[in-house]
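See below for the structure under consideration.
The values are calculated or read from the model by the stated rules, or taken from the named source; none is laboratory data. All figures in this text were calculated on a predicted structure; none of them were measured in a lab. Because the Cβ atoms are built from the backbone with ideal geometry, glycine has one as well, and the counts that use them run over all protein chains shown.
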Amino acid sequence: MHWLRSFFLHRPFVDRTLCHFLRRRLTLPILLLADLFPDFDERIVSIGQIPRGSWSTPLADLVLLLKIAVCTEPKRLMEIGSYRGYTALFLAQHISPDAKIVAIDRHVDHGEAYRETTFARMIERRVGETDRAMFARDEPASYDLIFVDADHSYSSVRNDTELVLPLLSPAGFIVWHDYANWGYFNGQNGVPEYLGELGAKLPIGHVAGSTLAIHSPSWISGTGREHFRSATQMEAGEIGAGPWQANLPRG
């Protein structure tokens, strides 16, 4: 099995080609952010720099993440897998100046995008592995927005999620990146498999027009549950509608 994964690891085009035949890999309900947040379309986000580096969050996903931030106005945020720091920088530019971001990455040089800017004061850098020691100082339910975008293997995304879910506030949001159909055969992307399992226990939606998935504890019961359901219900023919009839966002 190891040699087979190694074969696909060095031939990513083969992995991506074969993944197209995995028809039932993305099983989460599709969620429309405009139905979730009433003022979603009116909230303005802006991007000055273009993120650099192959691991940076693609612009379409970044814009939707920033939209989530400006709609929810979080005061305490966490990013797991900060890389060069563009996502943390843009989040800092779109939230209240007194908000705080914890940016975590195993690479000691992460965060170059914001480290020499005025926004650095809003961002706490943490270097190391995502384990219990990393979050020992954090109070339960103390984060309003958590973005999980580190190692995408099944075991890693499960580990990261299980560690940070208790840190999410009751009305907060956790967002996962790369809920997408790639990396199955080389083992590099187990996000769809893990979230498919977790989605059987918790309400998680696949953000339309993106490779983001999102959950809030407020959706588990009561009016929040109904709100989630209404935002994930769409007409059967809407996804496959023609270009003049479809209203799903284009990622």
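Considering the conditions (1) under 22 Å from Q233 (Cβ atoms); (2) surrounded by fewer than 17 Cβ atoms within 10 Å (Cβ to Cβ), P166 is excluded by exactly one of them, (1). Just checking, how many residues over region 30-65 are surrounded by fewer than 16 Cβ atoms within 10 Å (Cβ to Cβ) and within 25 Å of Y184 (Cα to Cα)? Selection size over region 30-65: 6. Of all residue pairs spaced 6 or more apart or on separate chains, those with beta-carbon atoms under 7 Å, a first member in region 60-76 that is touching a residue at least 12 places away in the same chain (Cβ under 8 Å) and a second member that is of a type in the set (K, R) and not in a helix (DSSP H, G or I) are K67/R43; V70/R43; C71/R43; R76/K100. Going through region 110-133 one residue at a time, which ones are part of a helix (DSSP H, G or I), of a type outside the set (K, R) and touching a helix residue (DSSP H, G or I) at 6+ places or on another chain (Cβ under 8 Å)? Once the filter is applied, which keeps residues that are part of a helix (DSSP H, G or I), of a type outside the set (K, R) and touching a helix residue (DSSP H, G or I) at 6+ places or on another chain (Cβ under 8 Å), region 110-133 yields F119, M122. Which residue, of Y114, Y86, is of a type in the set (F, W, Y), over 23 Å from H206 (Cβ atoms), surrounded by 14 or more Cβ atoms within 10 Å (Cβ to Cβ) and more than 17 Å from the chain's Cα centre (by Cα)? None of the others qualify; the one that does is Y114. Being touching a Phe, Trp or Tyr at 6+ places or on another chain (Cβ under 6 Å), modelled with pLDDT of 95 or more and closer than 20 Å to H152 by Cβ, is that true of even one residue in region 173-183? Yes: region 173-183 contains one or more residues that are touching a Phe, Trp or Tyr at 6+ places or on another chain (Cβ under 6 Å), modelled with pLDDT of 95 or more and closer than 20 Å to H152 by Cβ.
Candidates are the residues of region 30-86 that are among the hydrophobic types (A, V, I, L, M, F, W, C) and in a strand (DSSP E or B); the one that is farthest from P170 (Cα to Cα) is I30.
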